[in-house]
Amino acid sequence: MVAYYTDEFVLPLPDGHTFPMTKYSRLRELVVSEGIIDAGDLRVPEASTREQLGIVHTPRYVDAVIDGTLDAVEQRRIGFPWSPAMAERARRSVGATVAATRQALIAGASANLAGGTHHAFPDHGEGYCVFNDVAVAARIAQREHSIGRVLIVDLDVHQGNGTAAIFADDASVFTLSLHAASNFPFCKEQSDLDVELPDGTGDLAYLAALDDALETAHHRAKPELIFYVAGADPYEGDRLGKLALSIEGLRERDSRVVDLAARLRVPLVLTMAGGYCADVNVIARIHANTVREAANQTNQ
């Protein structure tokens, strides 16, 4: 399975540290060292263009990010300050999901080893999300590859509010979000199907809710393409999660989504989304398990 990575593009902060994205480089190491993906199948994506970003985002916002004219309020809402590296990484992250989508349409599945920036709206970013990579890739798939209906399965612990808002009035894209009810964003948008879970939800209750949600979603969506926003943050040890899934529970979660795509014979695009455990190796392990599930299915 081909996957795309952007961990070479780090975000320098004023204090000399880098934005905590070491999980992505660790993930890339894991998928190669454990034979999940061949090193030759890992690729650096091209940066998304202004025209591609403009399919979803407003021209003013695209120009502000690329040209460095975001104001202080916009930068605080995103969560980190503007820099040329920030703009480059944001564009590469979208480019990775666009490239993974094109590859999945050929091979059945592909992954962006980052991405899942589901809090980005057409005219602003928030929650560490600059541009909405899945939304841009979905639109390109529809416009350039004759994809009619898309299902977005968002299993990050936080609601995909930007994605929900972007596709609110579009029956061709079905948005499913399974998330912690009390977590960010505190003013939520309306997805096509929102499943809000109480704090402390563990494996059994989560997987039962997921089974019901996937059954409803695929019947209503009738998808020709599935995007999976596979956050690691429902993990019981996540600092920002509030749910209580085990590593095995998360692997079983992944298996259910991958199996659905295989059963429907629909291409699957993976993005990694959030993960905030203090131990970066745990986050990387959860993400690697996600990639392994899809790679195993692709190789069958």
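The values are calculated or read from the model by the stated rules, or taken from the named source; none is laboratory data. None of these values were measured; they are calculated from a predicted model. Here Cβ is always computed from backbone atoms with ideal geometry, including for glycine, and neighbour counts include all displayed protein chains. When the accessible area is computed, the model is the full protein with side chains, heavy atoms only, and any ligands, DNA or RNA have been set aside. Shrake-Rupley method; radii C 1.70, N 1.55, O 1.52, S 1.80 Å.
Numbers at a glance
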{"item": "Other-chain or far-sequence residues with amide H under 5 Å of residue 147's (modelled H)", "result": "142"}
{"item": "Rounded accessible area of residue 222 (nearest 10 Å², 1.4 Å probe)", "result": "130 Å²"}
{"item": "Stretch gain in nm, segment residue 199-residue 49, where the contour uses 0.36 nm per residue and the Cα spacing is subtracted", "result": "50.0 nm"}
{"item": "Residue 259 paired with residue 85, simple spin-label distance in nm, labels 7 Å along Cα-to-beta-carbon", "result": "4.3 nm"}
{"item": "Residue-wise HN-Hα coupling along segment 202-210, computed from phi with Karplus coefficients 6.51, -1.76, 1.60 (Hz; x: Gly, Pro)", "result": "x, 4, 5, 5, 4, 5, 5, 5, 5"}
{"item": "Antiparallel %, DSSP beta bridges [both residues in the chain], to 5", "result": "10 percent"}
{"item": "Theoretical FRET efficiency, 1/(1+(r/R0)^6), r = Cβ-Cβ of residue 106 and residue 67, R0 35 Å, to 0.05", "result": "0.55"}
{"item": "Segment 209-263 - Rg over Rh from alpha carbon coordinates, Kirkwood radius", "result": "1.01"}
{"item": "Residue 195 long-range amide H proximity, modeled H, under 5 Å", "result": "177, 178, 179"}
{"item": "Convex hull of segment 167-227 built on C-alpha atoms - directionally averaged projected area, nm²", "result": "4.6 nm²"}
{"item": "Using alpha carbons only: equivalent-ellipsoid semi-axes of segment 132-235, gyration tensor based, whole Å", "result": "24, 15, 11"}
{"item": "Cα-derived Rg over Rh, computed across the chain with Rh taken as Kirkwood radius", "result": "0.93"}
{"item": "Residues of segment 48-141: accessible area per residue with a 1.4 Å probe, Å²", "result": "33 Å²"}
{"item": "Calculated from backbone phi, Karplus (6.51, -1.76, 1.60) coupling profile of segment 187-197 in Hz, x at Gly/Pro", "result": "10, 8, 8, 10, 7, 5, 9, 9, 10, 9, 10"}
{"item": "Under-5 Å amide H pairs with residue 266, H placed in peptide plane, nonlocal only", "result": "none"}
{"item": "Between segment 82-151 and segment 264-300, the Cα center-to-center distance that results, in Å", "result": "16 Å"}
{"item": "Carbon + sulfur, % of accessible area of the chain - ligands and nucleic acids excluded, 1.4 Å", "result": "50 percent"}
{"item": "For segment 274-281, Karplus couplings with θ = phi - 60° (6.51, -1.76, 1.60), whole Hz, Gly/Pro x", "result": "x, x, 9, 5, 4, 8, 4, 5"}
